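Asks: First the structure, which I've put down as structure tokens, then a few questions once you've had a look.
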Amino acid sequence: MSDAIRVRLTGVGGYLPRDVVTNDDLAKKFGIETSDEWIRTRTGIGQRHIASGDETTASMAAEAARQALDYAGVDVSEVDAVLVATATPDQVFPAVAVQVQARLGMTAGFGFDISAACSGFVYALATASALMQSGQAKKILVIGSEVFSRLLDWTDRSTCVLFGDGAGAVLLESGGEEGEGILSTHLHSDGRTGDILYVDGAVGCPSTSQHLRMQGREVFRHAVVKLSQAVDEALAANGLTGQDIQWMVPHQANLRIIDGMAKKLALPSDRVVVTVDRHANTSAASIPLALNEAVRDGRIRKGDLVLMEALGGGLTWGSALIRM
């Protein structure tokens with residue numbers, strides 16, 4: 001496979017809304033029957049960012065993309081495609097991706113959205129990699145952007161305390177040295193379990209409430225099993241063990257799930273990127289937001305082996321292994 005097109009990650013970016021809402025704010029200002037202790041004990045979450053009126057999925061995605069381009073030193077005119085993973089688009093159509101194109105001033109290339117809930121970024125990463133390996137693009141912006149606060153039932157404390165808003169982006173470029181870049185991606189879904197995590201309405205459905213609904217215990221149970229399988233699959237595909245992984249950048253849904261996956265890999269806590277305490281669950285944005293933070297603060301460096309994994313509504317789940 002030495003002649004295969006390699007896909008390397010050269011840029012990172014992120015955007016978090018201006019408004020920060022703590023757990024105490026939820027109880028005091030929002031009137032939700034909860035407490036900081038109740039939320040932290042069960043999830044590890046201490047606060048989240050909530051989009052204000054002028055912050056949208058597209059505006060946040062565009063800002064994260066600008067940062068990724070700046071980090072890579074690449075002009076927007078060089079970008080061939082924009083892929084946006086989101087479950088909360090600004091409009092039914094046009095896609096968030098083409099709105100990002102317009103905001104960035106792109107006049108060429110193509111863009112489209114990917115809907116795989118919290119697994120969306122891993123799905124988009126795999127799709128972008130395949131497009132580049134087929135020769136259809138040389139530089140692709142891959143973005144996760146969500147405003148889950150606008151899907152939440154703020155009277156349901158079992159779900160509304162879990163989510164936040166934000167956007168993260170990476171720039172992928174063709175080329176690189178042997179063993180560098182995206183080593184493998186692994187995607188799965190099972191529609192039979194779609195009723196344990198879903199939104200109860202949309203344009204094609206007679207219901208109009210459009211609130212997120214979740215059976216938390218069932219999702220937790222599936223996450224532990226399916227994420228373990230996806231991690232094992234990534235390691236086996238590359239002839240590696242958990243001890244070979246230098247960093248895990250997981251989907252930021254629940255600290256207990258993150259800790260469980262770290263123990264499975266025998267990774268010390270300082271080798272796991274955790275942002276759930278400050279960002280909550282930002283769905284498809286959570287992995288690129290966490291990656292952006294760890295790259296920019298110097299934890300993740302060139303040459304490091306990074307494992308990503310996520311599970312979301314569908315159910316969808318997957319993993320990706322990248323040599324930075």
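Asks: Assigning unit charges at the beta carbon (Lys, Arg +1; Asp, Glu -1) and nothing else, what dipole magnitude in debye, to the nearest 20, does the chain show about its Cα centre?
Replies: Roughly 400 debye, rounded to the nearest 20.
Asks: As a check on your grasp of the helix formula, calculate [θ] at 222 nm for the chain: sum -39500 (n - 2.57) over DSSP H runs of n ≥ 4, divide by the residue count, round to the nearest 500.
Replies: -9500 deg cm²/dmol
Asks: To make sure I understand, if each residue's beta carbon is the centre and we count other beta carbons within 10 Å, what order do His188, His279, His49 fall in, fewest to most?
Replies: With the fewest neighbours first, His188, His279, His49 line up as His188, His49, His279.
Asks: Where does each of Ile5, Ile45 land when they are ranked from fewest to most other beta-carbon atoms within 10 angstrom?
Replies: Ascending Cβ contact count within 10 Å gives the list Ile5, Ile45.
Asks: Can you give me the long-range amide H partners of Gly111? Hydrogens built in the peptide plane at 1.01 Å from N, cutoff under 5 Å, separation of 5 or more residues or another chain.
Replies: HN-HN under 5 Å from Gly111: Val82.
Asks: Counting Lys +1, Arg +1, Asp -1, Glu -1, what net charge surrounds Val224 among other residues with beta carbon under 10 Å of its beta carbon?
Replies: Around Val224, the surrounding residues sum to +4.
Asks: Sticking with this one: What label, among (i) 187; (ii) 206; (iii) 126, belongs to volume of the Cα convex hull per residue in Å³ computed from the structure on display?
Replies: Calculated volume of the Cα convex hull per residue in Å³: the matching label is (iii).
Asks: Report the local net charge at Thr57: Lys and Arg +1, Asp and Glu -1, summed over other residues whose C-beta lies under 11 Å from its C-beta.
Replies: Net charge around Thr57: -4.
Asks: Still on this structure: Can you give me the C-alpha center-to-center distance between the stretch 26-101 and the stretch 119-138, rounded to a whole angstrom?
Replies: For the stretch 26-101 versus the stretch 119-138, the Cα centre distance is 20 Å.
Asks: Also: What spacing in nm lies between the two simple spin-label points modelled at Lys302 and Gln243, each 7 Å away from Cα in the Cβ direction?
Replies: Computed distance between label sites Lys302 and Gln243 equals 2.9 nm.
Asks: Which FRET efficiency value, to the nearest 0.05, is calculated for Val203 and Asp153 with the Förster distance at 22 angstrom and r the Cβ-Cβ distance?
Replies: Calculated value: 0.70.
Asks: Please give every one of the lysines within straight-line cross-link reach of Lys302, meaning a C-alpha to C-alpha distance under 26 Å, and leave out same-chain neighbours fewer than 8 residues apart.
Replies: Filter leaves Lys138, Lys139, Lys263, Lys264.
Asks: Okay, next question. What's the magnitude of the charge dipole for the stretch 7-174 around its Cα centre, counting Lys and Arg as +1 and Asp and Glu as -1 at the beta-carbon? Answer in Debye, nearest 20.
Replies: 260
Asks: As I understand it, the dipole of the chain uses +1 on the Cβ of Lys and Arg and -1 on the Cβ of Asp and Glu, about the Cα centre. Which of Ser269, Gly109, Ile143 lies farthest toward its positive end?
Replies: Farthest towards the positive pole: Ser269.
Asks: Return the distance in nm (one decimal) between the two label points of a simple spin-label model at Glu233 and Asp190, each offset 7 Å from Cα along Cα→Cβ.
Replies: 1.1
Asks: Multiply the residue separation of Glu178 and Ser269 by 0.36 nm, subtract the distance between their alpha-carbon atoms, and state the gained length in nm to one decimal.
Replies: Working it through step by step, the gained length comes to 29.8 nm.
Asks: Quick one: Karplus J couplings for the stretch 105-119, per residue in order, coefficients 6.51, -1.76, 1.60, θ = phi - 60°, nearest Hz, x for Gly and Pro?
Replies: x, 6, 10, 9, x, 8, x, 7, 9, 10, 10, 9, 6, 5, 8
Asks: With a Förster radius of 45 Å, plug the Cβ-Cβ distance of Glu33 and Phe112 into 1/(1 + (r/R0)^6) and report the FRET value to the nearest 0.05.
Replies: My answer for the efficiency is 0.65.
Asks: Would you work out the relative contact order for the stretch 7-174, in percent, from Cα pairs under 8 angstrom that are 6 or more residues apart?
Replies: Normalised by residue count, the contact order of the stretch 7-174 is 34 percent.
Asks: Place +1 on the Cβ of every Lys and Arg and -1 on the Cβ of every Asp and Glu in the chain, take the dipole about the Cα centre, and give the residue among Trp38, Tyr15, Ala81 whose Cα lies farthest towards its positive end.
Replies: The one lying farthest along the dipole's positive direction is Trp38.
Quick note: the coordinates plus some simple rules give every number you see, no bench work behind them. Keep in mind it's a predicted model, so treat the numbers as computed, not measured. For neighbour counting, all protein chains shown are included, and Cβ atoms are generated from backbone atoms with ideal geometry for every residue, glycine included.
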